[in-house]
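Note sheet for the following structure.
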Amino acid sequence: MPLPGPHNDLTDVPGLKVGSHTAPEALSGCTVVLCPPEGAVAGVDVRGAAPGTRETDLLNPVNLVERVQAVMLSGGSTYGLACADGAVRWLEEQGLGFALDDQGHVAPIVPGAVLFDLGRGAEFVPPVGADWGRAACQAAADGPVDLGCVGAGTGAVAGGVKGGLGSASEKLESGVFVAALVAVNSLGSLLDPATGRLWEERLELSGEFGPERPAKVLPPWPPQPAQNTTIAVVATDAALDKAQCTKMAQMAQDGLARAIRPAHTMFDGDTVFALSTCGQALPSAPGVFGPPAATALSEIGRSAADCLSRAIIRAVLSATSLGGWPCLTDLENRKK
């Protein structure tokens, strides 16, 4: 039976750290994933029709740079892209980045994506900026990740209920770790309107969704279009190249689409980054079809999709009512 990692979050992938900056009055924030000093191989998959992204073209497998130093997820819509600037400056001060010369000059590589939470806090545009990104880097740690209304999930709304930040992990039989981190701010709902149950609750591992999950909730409707986007990072310690990371990100999008329906709409900018810390060799057990690496990558992609579905559910179940949006467990039409 599959089991989660020790923390059941992204930091179960050795070498990764997660930090958040939360601005409660602004109902916004950002969350950074810091890679090991040598960086992590990265890929990306963008499927929503309204993305706000940074450095995604660089992650194309045909392009030069192989490794990134961090990934930034932030609120603030287009203004939130500035959070990555703070991470770049902070990383440069640590001497971490793509080497530019033999004098120690570096260019930190920080891809990122934003979600729409404008108009939800005290001001229409939150005071987002490079200082938020720097604060998130300074707060980054390899311990348990805070979930719910924190960081990039602070002002998030998911299908009419309070969204948030979520994470989940899985340890494969091979010993490889796979994990996901997500900020859920979707047009679509996590709830099946015919049953009032979570679409992907069947994936629960080790009671991670807790006793407070609703037995039946009729989702609020309609949600607010054009104010959405779910952004995520999936990761593994198996050694992958850029093309394999891209495939991992593609497969992880299936987990997003299973847990949130509809997904990848004209009003969402759904984006998934994939990271490989290359801590252990890609498993080489032979498969029925194709080379062993293809079989191992397919299993990692399957796990990434499942972890992302679980992380999405944990994000919403961890959220509290905030800013006028009820959390899932506070809905008046909840039924045991």
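Could you tell me whether V161 is among the hydrophobic types (A, V, I, L, M, F, W, C) and at pLDDT below 95? Spell out the reasoning first.
Working: among the hydrophobic types (A, V, I, L, M, F, W, C): yes; at pLDDT below 95: yes.
The answer is yes for V161.
Yes or no: T229 out of contact with any Lys or Arg (no Cβ under 8 Å at 6 or more places or on another chain), modelled with pLDDT of 95 or more and part of a loop (DSSP other than H, G, I, E, B)?
On the way: out of contact with any Lys or Arg (no Cβ under 8 Å at 6 or more places or on another chain): yes; modelled with pLDDT of 95 or more: yes; part of a loop (DSSP other than H, G, I, E, B): yes.
It is true that T229 is out of contact with any Lys or Arg (no Cβ under 8 Å at 6 or more places or on another chain), modelled with pLDDT of 95 or more and part of a loop (DSSP other than H, G, I, E, B).
Could you say whether any residue in the stretch 45-53 is surrounded by fewer than 18 Cβ atoms within 10 Å (Cβ to Cβ) and within 16 Å of A107 (Cα to Cα)?
No, that holds for no residue.
Across the stretch 4-50, what is the number of residues that are aliphatic (A, V, I, L, M), in contact with a strand residue (DSSP E or B) (Cβ under 6 Å, 6 or more places away or on another chain) and farther than 19 Å from V150 by Cα?
6
If you scan the stretch 223-243, which residues turn out to be surrounded by 24 or more Cβ atoms within 10 Å (Cβ to Cβ) and either more than 17 Å from L16 (Cα to Cα) or out of contact with any strand residue (DSSP E or B) (no Cβ under 9 Å at 6 or more places or on another chain) (or both)?
Matches in the stretch 223-243: N228, T229, T230, I231.
Name the single residue, out of those in the stretch 305-320 being over 13 Å from L190 (Cβ atoms) and more than 11 Å from the chain's Cα centre (by Cα), that is surrounded by the most Cβ atoms within 10 Å (Cβ to Cβ). Steps first, please.
Going through the stretch 305-320, the residues over 13 Å from L190 (Cβ atoms) turn out to be 305-307, 320.
Subsequent filtering for residues that are more than 11 Å from the chain's Cα centre (by Cα) retains 305-306, 320.
Numbers: A305: 27, D306: 23, T320: 13.
That would be A305.
Report every pair of residues separated by at least 6 positions or lying on different chains whose Cβ atoms are under 8 Å apart, first residue within the stretch 120-147 and closer than 16 Å to L16 by Cα, second among the charged types (D, E, K, R).
A140/K17; A141/K17; D142/K17; P144/D9; V145/D9
Please give the number of the condition I109 fails out of (1) surrounded by 18 or more Cβ atoms within 10 Å (Cβ to Cβ); (2) more than 19 Å from the chain's Cα centre (by Cα); (3) of a type in the set (V, I, T).
Result: I109 passes all but (2).
Search the stretch 255-271 for residues that are on the phi < 0 side of the Ramachandran plot and pair each with any residue that is of a type in the set (D, E) and not in a loop (DSSP other than H, G, I, E, B) when their beta-carbon atoms are under 8 Å apart and the residues are at least 6 apart or on different chains.
G255/D306; T271/D45
Considering the stretch 270-297 alone, what residues qualify as being in contact with a strand residue (DSSP E or B) (Cβ under 7 Å, 6 or more places away or on another chain) and either modelled with pLDDT of 95 or more or part of a strand (DSSP E or B) (or both)?
Correct list: T271, V272, F273, A274, L275, S276, T277, C278, G279, Q280.
One residue is enough: does the stretch 1-22 have a residue meeting the conditions assigned to a loop (DSSP other than H, G, I, E, B), hydrophobic (A, V, I, L, M, F, W, C) and over 21 Å from S309 (Cα atoms)?
Going residue by residue through the stretch 1-22, those that are assigned to a loop (DSSP other than H, G, I, E, B) are 1-2, 4-9, 13-16.
Applying the additional criterion that residues be hydrophobic (A, V, I, L, M, F, W, C) yields 1, 13, 16.
Still in the running and over 21 Å from S309 (Cα atoms): none.
No, there is no match, as no residue in the stretch 1-22 is assigned to a loop (DSSP other than H, G, I, E, B), hydrophobic (A, V, I, L, M, F, W, C) and over 21 Å from S309 (Cα atoms).
Being closer than 24 Å to G188 by Cβ, in contact with a strand residue (DSSP E or B) (Cβ under 8 Å, 6 or more places away or on another chain), modelled with pLDDT of 95 or more and buried (at least 24 other Cβ atoms within 10 Å of the Cβ): is that true of C137 here?
Numbers: closer than 24 Å to G188 by Cβ: no; in contact with a strand residue (DSSP E or B) (Cβ under 8 Å, 6 or more places away or on another chain): yes; modelled with pLDDT of 95 or more: yes; buried (at least 24 other Cβ atoms within 10 Å of the Cβ): yes.
Against the criterion (closer than 24 Å to G188 by Cβ, in contact with a strand residue (DSSP E or B) (Cβ under 8 Å, 6 or more places away or on another chain), modelled with pLDDT of 95 or more and buried (at least 24 other Cβ atoms within 10 Å of the Cβ)), C137 does not qualify.
Kindly provide the set of residues from the stretch 166-191 that are in contact (Cβ under 8 Å) with a residue 12 or more places away in the chain and farther than 24 Å from D117 by Cα, ordered by number. I'd like the intermediate steps shown before the answer.
Just the residues of the stretch 166-191 that are in contact (Cβ under 8 Å) with a residue 12 or more places away in the chain, to begin with: 166-172, 174-191.
Of everything in the stretch 166-191, those that are in contact (Cβ under 8 Å) with a residue 12 or more places away in the chain and farther than 24 Å from D117 by Cα turn out to be S169, E170, K171, L172, S174, G175, V176, F177, V178, A179.
Kindly provide the set of residues from the stretch 60-104 that are touching a residue at least 60 places away in the same chain (Cβ under 8 Å), of a type outside the set (G, A, S), closer than 15 Å to C35 by Cα and in contact with a Cys (Cβ under 9 Å, 6 or more places away or on another chain), ordered by number.
Within the stretch 60-104, V68, V71, M72, L73 meet the criteria.
Answer with yes or no whether S77 is modelled with pLDDT of 95 or more, farther than 25 Å from D241 by Cα and touching a helix residue (DSSP H, G or I) at 6+ places or on another chain (Cβ under 8 Å).
When the stated conditions are applied, S77 does not pass them.
What's the number of the condition P6 fails, among (1) free of Cβ contacts under 8 Å to residues at least 40 places away in the same chain; (2) within 14 Å of the chain's Cα centre (by Cα)?
So the condition that P6 fails would be (2).
The values are calculated or read from the model by the stated rules, or taken from the named source; none is laboratory data. Values in this document were obtained by computation on a predicted structure and should not be read as measured data. Don't worry about glycine lacking a Cβ; one is built from the backbone with ideal geometry, like all the others, and counts go over all protein chains shown.
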